[in-house]
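Below is one structure; the comments refer to it alone.
The values are calculated or read from the model by the stated rules, or taken from the named source; none is laboratory data. None of these values were measured; they are calculated from a predicted model. Note: ideal-geometry Cβ built from the backbone for every residue, glycine included; neighbour counts use all protein chains shown.
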Amino acid sequence: MSHDAAPNTPARRAPTDLHPVPARVREGSASSIQTLDDWRRVWMAAKTDPDAFWLRETQARLRWRTTPTQGLHGSFHDIADSQVAWFADGTLNITESCLDQHLETRGDKVAILWEGDEPGQTRTFTYRELHAEVCRAASALRALGVQKGERVIVYMGMVPEAAVAMLACARIGAVHSVVFGGFSAEALRDRVRDCGAEVVITQDEGLRGGRSIPLKATCDAALEGEHGVRHVLVYRRTGGAVAWQHTRDVWWHDALAGASADLPAVETAAEDPLFVLYTSGSTGRPKGLVHTCAGYLTWASYTHEVVFDLREDDVYACMADVGWITGHSYIVYGPLANGATSLMFESTPLYPDAGRYWDTVARHGVTIFYTAPTAIRALAAQGDHHVTRYDLSSLRVLGTVGEPINPEAWQWYYDVVGQGRCNIVDTWWQTETGGICITPIAPATPTKGGSATLPNPAIVPVLLDDDAHEIVGPGEGRLCLAQPWPGMARTVWGDHERYVSTYFSTFPGTYFTGDGCRRDSDGYHWITGRVDDVINVAGHRMGTAEFEAVLVSVDAIAEAGVVGFPHPIKGQGVYAYVVLQPGQQPDDEALLTLANATCRAQIGAHARIDLLQLVPGLPKTRSGKVMRRILRKVAEGEPDKLGDVSTLADPSVVAAIVAGAKV
Ligand code: WT7
């Protein structure tokens, strides 16, 4: 990684040392949290009296029809019998908070600033224009028969219409489920069926890095066989040829033409579902996390404003995809609730070259920039000149999310991109948490490279050891959250029991995140990564069980064990140990190609196995349980740290695994 010393950075400070907040970040802040003392006071207020704190916040942020008088209802102790609820006696339509409430004060302010795949190709929607377009799309959905509470799948690329589609669903009280445009037909079909969608919104083709993505064709393939989808609404992005089913398919531009640009919003209860978003876990199929209207939006709005210290004239850019929770909370819902200008980016960090992000920042005068460690590492590896040839003086706050950031990459981001003048907010959170939980607060928190630092108000992190004892003070354990917060997912779609068993059964009475965490003597949190069978590849969460299911569906394969291993750019790579069926003799290269074609078909192009090793057997206990610890150690290049293998049914497989290791 190249590394030029930046002017304001003392030479001998290690990345993990404390970095004070640069003066420029603090100047002009009007935030409720501008110092660590503010943070302490506000955090304590939210902990002591959460009802008063969040009722005040939600009333200041959201436009309510019936103002709520109730704060939190329920607790983690009775979560099996009743869902947590916030603001339960209030009613609203969240699009009035994201759109209508800004029309008088910010009608002509740009709400969505779109940068297309080609540099400089832009479109803008002011709040007034966005409001009108959302109303038209909502009218179109209604004309297609979509009722309040029904599910609509959004399977699109990064076009403004994806945000319009989400908001249009919310406008009529329908529940959206955005499926990332990289998912395969099979993955899309699973989600369509699981949530019982009535309508799918897609586009002819996506466009990314100069390459087209056949979204409509994939959607057509997904809708072969049984499902309840009545209509497919198709936005035309490229004009590429698509197959057409005349009774089912409707063009977006036809459906919106002449539709009402001022559709009254449908009133919903605070706790009505706003969206379902699927995510992978350590077992079984991906589960649909359910986020509800008011608590989620309050949390997205609060965290977006406070963490980034949002100001009225900011140009805010989050480079995530709307297919993931980051895109939901920090491209669409948080920024729009806050009346911000939110940049939406269709392309990739490497197209047409490794300067694309910085070219975009410079041309649009971006002040807050939010991306993922995998992108930072990939760009750092390309050399500083791709960054330094652009004027990045507009930047004030840099964000990172999705996986632990290594201190070297953090320092590069700080020095080369931020030029020592920006604060970095390393934001830890999850699909389940709805918004940022552990993070620096831009004007207030001195940072240490690699640490997510301190909890947001409402977040009470506890570290538990294997015996569920709380670790007080410095130490390392499993990260749990002890109190409900407004943005938490309320349930798993159609399976509350799974929600309870996944998150609340490991340590009863607290929410278990699945992550490990170390707390240092300053009370700063350092996320160490997943402690369950989930791997995080380039910020994409994947279950090892999902890969294993794909592998054993290949004829030649009898058994498979999949683990993560350290990868210099992607954070983690995917390492597969494979046992062949008797009589099969493909070599591992041929098998890897076949396995990856199957992964692509069953999950999507982002699900790729990096290393595949043929083994005579998996290390199993006498009761037949795979000892994943051994697989992990070998993949991490530490075969000398296997620990006790005496309980294995056949210890000889270990020697073969170590001898044939790919790392
Ligand atoms: C998992 C959640 C949150 C939106 C993107 C990913 C890891 C996330 C950080 C961070 C260390 C992080 C955790 C978490 N993670 N942010 N700043 N530092 N790890 O959402 O797909 O739900 O994944 O991503 O392991 O559990 P997700």
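Of all the criteria given as (1) more than 20 Å from the chain's Cα centre (by Cα); (2) buried (at least 23 other Cβ atoms within 10 Å of the Cβ); (3) away from the ligand (no atom under 13 Å from the Cβ), the one not satisfied by residue 447 is (3). Does residue 258 satisfy the criteria of being small (Gly, Ala, Ser) and modelled with pLDDT of 95 or more? It is false that residue 258 is small (Gly, Ala, Ser) and modelled with pLDDT of 95 or more.
Only one of the numbered conditions (1) assigned to a loop (DSSP other than H, G, I, E, B); (2) more than 28 Å from the chain's Cα centre (by Cα); (3) of a type outside the set (Val, Ile, Thr) is not met by residue 52, and that is (1). With respect to residue 275, determine if the residue is farther than 30 Å from residue 543 by Cα, surrounded by 24 or more Cβ atoms within 10 Å (Cβ to Cβ) and at pLDDT 95 or above. Answer is no for this residue. Only a single criterion out of (1) farther than 17 Å from residue 85 by Cβ; (2) in contact (Cβ under 8 Å) with a residue 40 or more places away in the chain is not satisfied by residue 501, namely (2). When the criteria are applied in full, residue 463 meets the requirement of being assigned to a strand (DSSP E or B), more than 13 Å from the ligand (Cβ to nearest atom) and either touching a Phe, Trp or Tyr at 6+ places or on another chain (Cβ under 6 Å) or not charged (D, E, K, R) (or both). Selection of the range 529-574 for residues being more than 14 Å from the ligand (Cβ to nearest atom), surrounded by fewer than 21 Cβ atoms within 10 Å (Cβ to Cβ) and not in a strand (DSSP E or B) yields 545, 548, 549, 552, 553, 554, 555, 556, 568, 569. Looking only at residues in the range 399-444 that are more than 23 Å from residue 299 (Cα to Cα) and of a type in the set (Phe, Trp, Tyr), the one that is nearest to the ligand (Cβ to nearest atom) is 410.
Determine whether residue 490 is surrounded by 16 or more Cβ atoms within 10 Å (Cβ to Cβ) and at pLDDT 95 or above. For residue 490, the condition - surrounded by 16 or more Cβ atoms within 10 Å (Cβ to Cβ) and at pLDDT 95 or above - is met.
Could you please find all residues in the range 76-108 being outside any helix (DSSP H, G or I), in contact (Cβ under 8 Å) with a residue 40 or more places away in the chain and under 27 Å from the mean Cα position of the chain (by Cα)?
Pass one, the range 76-108, residues outside any helix (DSSP H, G or I): 79-93, 99, 107-108.
Still in the running and in contact (Cβ under 8 Å) with a residue 40 or more places away in the chain: 79-80, 83-93, 99.
Correct list: 79, 80, 83, 84, 85, 86, 87, 88, 92, 93, 99.
Contact map, the range 399-424: first residue of a type in the set (Ser, Thr, Tyr) and buried (at least 24 other Cβ atoms within 10 Å of the Cβ), second residue part of a helix (DSSP H, G or I) and modelled with pLDDT of 95 or more, Cβ cut-off under 6 Å, separation 6 or more or different chains; pairs are 400/373; 413/376. Scanning the range 147-158 for residues that are over 18 Å from the mean Cα position of the chain (by Cα) and either surrounded by 24 or more Cβ atoms within 10 Å (Cβ to Cβ) or without any contact (Cβ under 8 Å) to a residue 12 or more places away in the chain (or both) yields a count of 2.
Scanning the range 547-583 for residues that are in contact with a helix residue (DSSP H, G or I) (Cβ under 9 Å, 6 or more places away or on another chain), of a type outside the set (A, V, I, L, M, F, W, C) and over 30 Å from residue 379 (Cβ atoms) turns up 553, 559, 561, 577. Considering every residue within the range 413-424, establish whether at least one is of a type outside the set (S, T, N, Q), under 22 Å from residue 457 (Cβ atoms) and touching a Ser or Thr at 6+ places or on another chain (Cβ under 9 Å). Scanning the range 413-424, I find at least one residue that is of a type outside the set (S, T, N, Q), under 22 Å from residue 457 (Cβ atoms) and touching a Ser or Thr at 6+ places or on another chain (Cβ under 9 Å), so the answer is yes. Close Cβ contacts (under 6 Å, 6 or more residues apart or on different chains) running from residues in the range 245-265 that are within 21 Å of residue 94 (Cβ to Cβ) to residues that are of a type in the set (Ser, Thr, Tyr) comprise 259/139; 260/139; 263/139; 265/95.
None of 299, 324 is surrounded by fewer than 24 Cβ atoms within 10 Å (Cβ to Cβ) and within 16 Å of the ligand (Cβ to nearest atom) except 324. Can you tell me which residue within the range 582-612, out of those that are among the polar types (S, T, N, Q) and modelled with pLDDT of 95 or more, is surrounded by the fewest Cβ atoms within 10 Å (Cβ to Cβ)? The extreme case among them is 593.
Is it fair to say residue 31 is surrounded by 15 or more Cβ atoms within 10 Å (Cβ to Cβ), in a loop (DSSP other than H, G, I, E, B) and modelled with pLDDT of 95 or more? So residue 31 passes the test. Is it the case, given these coordinates, that residue 154 is modelled with pLDDT of 95 or more, assigned to a strand (DSSP E or B), within 18 Å of residue 236 (Cβ to Cβ) and touching a helix residue (DSSP H, G or I) at 6+ places or on another chain (Cβ under 7 Å)? Judged against the criteria, residue 154 is a match. Of all residues in the range 526-534, one or more are farther than 16 Å from residue 572 by Cα and modelled with pLDDT of 95 or more. For residue 439, are the conditions met, namely being buried (at least 21 other Cβ atoms within 10 Å of the Cβ) and under 30 Å from residue 286 (Cβ atoms)? In short, yes.
Restricting to the range 319-343, give me the number of residues that are in contact with an Asp or Glu (Cβ under 7 Å, 6 or more places away or on another chain) and within 15 Å of residue 162 (Cα to Cα). So the answer is 2.
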